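Working notes, beginning with the structure itself.
The values are calculated or read from the model by the stated rules, or taken from the named source; none is laboratory data. Just so we're clear, the structure is a prediction, and the values are computed from it rather than from any experiment. Here the Cβ positions follow ideal geometry from the backbone for every residue, glycine too, while neighbour counts run over all protein chains shown.
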Amino acid sequence: MNIEDLPGANTRITAYLRPDSVERYSKVAKAFADSIRRNNSLEDEGSNCPILVEGKRDEEALRDIGFKGTIELFNRGWDQSRIIAYLYDTYGSKNPIDAGPPVIVLMDWDRTGGRLQSMIRKRLESLDVKIDESLWFSLMRTMKPEGRTVEALHAHADALLPFIQEHM
């Protein structure tokens, strides 16, 4: 697939992307589209599934990529037990719309983010709550050359959007 073949692709983005980036963006775009769809509100034909990120800059990057629904922040001054209890109390153990996991968890895919992702998974699973990690795994496998943090996606938003739109 060439970026020139995508609807709305422009020459600025085409010149910016390396051929290996086009392939990686194509792979991760489906995971983004699926997560955006789950995150969208009911009015936007979504599942109203919140996404949990580390901080405000992560939220800004996801908004640039097209997430419109609820984005919860892990770093809000609460201890880990309180944030886990909040997620469980607020979102339950299943998403009532699509019966899938009630929360999408997207920590950074560096060492610290991996530890946080694992801790959140273990603590919520101890409460019989599965989490949606499909976007995290996809980003971890495909986007390491471009960065290891969610906020680093901000720089790639313009290039990623045509690929994501293709899957929406």
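Taking the conditions (1) free of Cβ contacts under 8 Å to residues at least 12 places away in the same chain; (2) touching a Phe, Trp or Tyr at 6+ places or on another chain (Cβ under 9 Å) in turn, residue 116 satisfies each one other than (1). When we screen 166, 133 for residues that are modelled with pLDDT of 95 or more and either closer than 22 Å to residue 69 by Cα or of a type in the set (Asp, Glu) (or both), the only hit is 133.
A Cβ distance below 6 Å, combined with a sequence gap of six or more or placement on separate chains, defines the contacts here; from region 130-159, residues that are more than 20 Å from residue 34 (Cβ to Cβ) and among the polar types (S, T, N, Q) reach residues that are modelled with pLDDT of 90 or more and not in a helix (DSSP H, G or I) in the pairs 149/108. Take the conditions (1) buried (at least 19 other Cβ atoms within 10 Å of the Cβ); (2) at pLDDT below 95; residue 105 misses just one of them, which is (2). With respect to residue 146, is the statement that it is surrounded by 14 or more Cβ atoms within 10 Å (Cβ to Cβ) and at pLDDT below 95 true? Yes, satisfied.
Filtered by the rule that a residue be hydroxyl-bearing (Ser, Thr, Tyr) and closer than 17 Å to residue 61 by Cα, region 139-157 gives a lone residue, 149. Is there a residue being loosely packed, with under 13 Cβ neighbours inside 10 Å, modelled with pLDDT of 95 or more and within 19 Å of residue 40 (Cβ to Cβ) anywhere in region 75-91? Checked region 75-91: at least one residue is loosely packed, with under 13 Cβ neighbours inside 10 Å, modelled with pLDDT of 95 or more and within 19 Å of residue 40 (Cβ to Cβ). It is to be established whether one or more residues within region 41-53 are charged (D, E, K, R), buried (at least 18 other Cβ atoms within 10 Å of the Cβ) and either at pLDDT 95 or above or more than 19 Å from residue 109 (Cα to Cα) (or both). Within region 41-53, not a single residue is charged (D, E, K, R), buried (at least 18 other Cβ atoms within 10 Å of the Cβ) and either at pLDDT 95 or above or more than 19 Å from residue 109 (Cα to Cα) (or both).
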